[in-house]
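Reading through the C-alpha cells given below for one structure.
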Amino acid sequence: MARDDRDVEKKLNKALLACLPQDGNVVSCVPLGLSDYCDTLKIGVRVPDGSIQQFFAKISRGQAGYDLLLGTNASESSPHSFIPEHVPRPLGFSTYESDPNRHFFLMEWVDMRDDDLPEPEAYMAPVVALHSRSIGMSPTGKFGFGVNTAFGNLPQVNKWEDSWEKWWTDYMAMILNREESLRGPHTPEDKELKDQFLTKVLPRYLRPLESNGRSIKPCLLHADLWPGNIKYQLLNETAIVYDSSGLWGHNEVDLGVIWNPRYPLGRPYLKEYWKHIPISEPPEDADSRNIMYLVRNQALLASLYPEDHSLRNSFVKTMRVVVDRVLEEEARGGGNVSAVSKGPQDPAFVELEKNGVSQPRVAQLETGGMNSTD
C-alpha cells in the first residue's frame, strides 16, 4: 500500500492507496475537472527508486456512480487485455472503506498530445488491432457485454444474444425511445421515419450479414471512437485509445462515428481500416451499414445534450438517408441502390456533411476522458 503523508486535510482513501505502488508516497493530487459526471484526479506518487509515477482516477457517488465505474473498469480492462500498447493500464476499481457511497476507478496516466489529430494510419492502428485480435473471442460466443456500460452518463444496457440483428434492433429501439423521452415527442413525420428505420432499415442491412450462408463473429468494440478518445502519446507517434464503451459486436459499428460530419475524419480513415480488415459481406451494403451505425452515435449525443436541438436534427436527417435508400430499393422491386462509398465526393457523404454542426464544447465534453478539456 502507498502512503499519503501530505500535510492536507483530505488525504486519499485507503482503498485507493492500496491500488497505488507498494511503499510509494503520494506527493500530489490535482483535481482535473474533466467530467460532468464524476470527479477526476491526477495523482503523483514517489516510488522507492525516487522517481515519480502519475495516475488518473475517477471518483463517483451513489449507486449510479458505482454502476458507471463498474462499466468503466470492464470497458477499459477488456481492450487493454488485447491491445496493451494502445490502452492505459487499469489498476483498480473499488469503494471507499470509510464511505460506502463513494467509489473510484484508477488507471495509469499517459501524457498525450491534445491538439494533434492522429493521421489515418495511427488513428486506425488500435482499432484494427483490437478488432483483429479479439475476433471470435467473446467470452460467451455471443453478442453483447457482461456488464452495463455508459456513453457519458447514459446507461448502455447490455445482454447476450446469439443474433446480431436481434441485439442491435433491441438496442436501437431502446436508445431512440430514450431520446424521445428525454427531449419530447417527435413530429408525426419523424415518428414514422423512426419506425421505418427500426422495421425496414435494420432488417434490410443487418439480416444479410447472417443469412444465405453468411455469418459474423463478435469482436470487441470500443464503441466511442470520436477524436477526443484517440490521441498520440506525447513523445511518439503511437496512438492511445481510452474511454471505451465496451461491446462484443459487429466490427463495422466502430466505423459509424467516422462518418459523423462533426469530426474531421471521413473516407481516409475508413480506407485505412479496410486495408487491414475486409468489408463484411455483402460489401455492396457497406456504405449504408456505416450510415446506419452512425445513427446510434448521433442519437446518443442528442440524448446526452437534450437542450441542443441541432443534435436531434442531425440524426433524423441521417436516418432519412438510409430510409430513403430502402424505400427506393423497394419501389424498384429490389436491387441494391447503394455501393461502397467513393469518399467525400459521394452524394451520401455530401448529404451527411450538410447535417453537421460545429459546437466545440459539446465535442470536448462527450465522454470526459483523461485529456478532455472544457
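The values are calculated or read from the model by the stated rules, or taken from the named source; none is laboratory data. A quick note: this is a predicted structure, and the numbers were derived from the prediction, not measured. Heads up, the Cβs are rebuilt from the backbone with ideal geometry, glycines too, and the neighbour counts pull from every protein chain shown.
Could you list, ordered by first residue, the pairs with Cβ atoms under 7 Å in which the first is in region 182-206 and outside any helix (DSSP H, G or I) and the second is of a type in the set (Lys, Arg), at least 6 apart or interchain?
Between residues of region 182-206 that are outside any helix (DSSP H, G or I) and residues that are of a type in the set (Lys, Arg), the close pairs are His186/Lys194.
Which of the strands (runs of 3 or more DSSP E) found entirely inside region 91-176 contain at least 3 residues meeting this: at negative phi and in the same structural domain as Ser60 (by TED's automatic domain parsing)?
Output list reads 102-108.
Looking at Thr149, is it surrounded by fewer than 21 Cβ atoms within 10 Å (Cβ to Cβ) and of a type in the set (Ser, Thr, Tyr)?
When the stated conditions are applied, Thr149 does not pass them.
Which one of the conditions (1) crowded, with 23+ Cβ neighbours inside 10 Å; (2) aromatic (Phe, Trp, Tyr); (3) more than 19 Å from Ile291 (Cβ to Cβ) does Tyr232 fail to meet, given that it meets all the rest?
Only one criterion in (1) crowded, with 23+ Cβ neighbours inside 10 Å; (2) aromatic (Phe, Trp, Tyr); (3) more than 19 Å from Ile291 (Cβ to Cβ) is unmet by Tyr232, namely (1).
I'm trying to understand the selection: among the residues of region 111-141, which are among the charged types (D, E, K, R) and either over 26 Å from Leu34 (Cβ atoms) or without any contact (Cβ under 8 Å) to a residue 24 or more places away in the chain (or both)?
The answer is Asp115, Glu119, Glu121, Arg133.
Which residues, taken from region 14-38, are assigned to a loop (DSSP other than H, G, I, E, B) and either in the same structural domain as Ala150 (by TED's automatic domain parsing) or within 28 Å of the chain's Cα centre (by Cα) (or both)?
Once the filter is applied, which keeps residues that are assigned to a loop (DSSP other than H, G, I, E, B) and either in the same structural domain as Ala150 (by TED's automatic domain parsing) or within 28 Å of the chain's Cα centre (by Cα) (or both), region 14-38 yields Cys19, Leu20, Leu32, Gly33, Leu34, Ser35, Asp36, Tyr37, Cys38.
Condition check ((1) of a type in the set (S, T, N, Q); (2) closer than 30 Å to Tyr232 by Cα; (3) at pLDDT 95 or above) across all residues:
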{"site": "Arg267", "(1), (2), (3)": "no, yes, no"}
{"site": "His309", "(1), (2), (3)": "no, no, no"}
{"site": "Val322", "(1), (2), (3)": "no, no, yes"}
{"site": "Asn371", "(1), (2), (3)": "yes, yes, no"}
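Looking only at region 4-54, which residues are without any contact (Cβ under 8 Å) to a residue 24 or more places away in the chain, β-branched (Val, Ile, Thr) and surrounded by 13 or more Cβ atoms within 10 Å (Cβ to Cβ)?
Those that are without any contact (Cβ under 8 Å) to a residue 24 or more places away in the chain, β-branched (Val, Ile, Thr) and surrounded by 13 or more Cβ atoms within 10 Å (Cβ to Cβ): none in region 4-54.
Evaluate the following for Leu235: is it in contact with a helix residue (DSSP H, G or I) (Cβ under 8 Å, 6 or more places away or on another chain) and either free of Cβ contacts under 8 Å to residues at least 40 places away in the same chain or aliphatic (A, V, I, L, M) (or both)?
No; evaluated as a whole, the condition is false for this residue.
Of the numbered conditions (1) in contact with a strand residue (DSSP E or B) (Cβ under 7 Å, 6 or more places away or on another chain); (2) small (Gly, Ala, Ser); (3) in a helix (DSSP H, G or I), Ala64 fails exactly one; give the number of that condition.
The number of the failed condition is (1).
Can you tell me which residue among Asp243, Asp254, Asp190 is in contact with a strand residue (DSSP E or B) (Cβ under 8 Å, 6 or more places away or on another chain) and of a type outside the set (Ser, Thr, Tyr)?
After ruling out the rest, the residue left standing is Asp254.
Taking interchain pairs and intrachain pairs at least six residues apart, which have beta carbon atoms under 6 angstrom, with the first residue in region 82-95 and over 17 Å from Gln22 (Cα atoms) and the second surrounded by fewer than 16 Cβ atoms within 10 Å (Cβ to Cβ)?
Note: pairs meeting the criteria are Phe82/Arg133; Pro88/Glu108.
I need a count of the residues in region 75-90 that are of a type outside the set (Ser, Thr, Tyr) and in a helix (DSSP H, G or I).
Final tally of qualifying residues: 4.
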